[in-house]
Amino acid sequence: MLRKKNWSEYTNDEKELLKQKVAEADENTPFSPEFAAAYIGKSLHTLQHMRCHQSNGITYSKVGRHVMYRKKHLDAYLDSCEKSCTSN
């Protein structure tokens, strides 16, 4: 059986490839947390924390035991993080 790779074991090049796949995808394409984390520049642990503790976190879907993020929800999250002033 294949062991799932820990986030700390991904190289920067691997993370960049994951990020690029999301960037090139259609807005309704679902992605695993690994792709989502690479795309928004967060860790898997941060995404898990957001799912459990933040009601205003990124919208996600559960398919059985699997968590999936659609590109449009990742983009919406990034848009919500935009600031025009450092005091915001």
Specify which of the listed residues (Thr86, Thr59) is in a loop (DSSP other than H, G, I, E, B) and within 14 Å of the chain's Cα centre (by Cα). Thr59
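Listed here are the residues, each with its yes/no results for (1) within 10 Å of the chain's Cα centre (by Cα); (2) open to solvent by less than 50 Å² (accessible area, probe 1.4 Å).
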{"residue": "Lys4", "(1), (2)": "no, no"}
{"residue": "Asp13", "(1), (2)": "no, no"}
{"residue": "Thr29", "(1), (2)": "no, yes"}
{"residue": "Lys71", "(1), (2)": "yes, yes"}
From the residues in region 43-58 that are open to solvent by 80 Å² or more (accessible area, probe 1.4 Å) and modelled with pLDDT of 90 or more, which one is nearest to Tyr10 (Cα to Cα)? His45
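The values are calculated or read from the model by the stated rules, or taken from the named source; none is laboratory data. All of these numbers come straight from a predicted model, not from anything done at the bench. Only protein heavy atoms, including side chains, enter the accessible area calculation; ligands, DNA and RNA are left aside. Shrake-Rupley method; radii C 1.70, N 1.55, O 1.52, S 1.80 Å.
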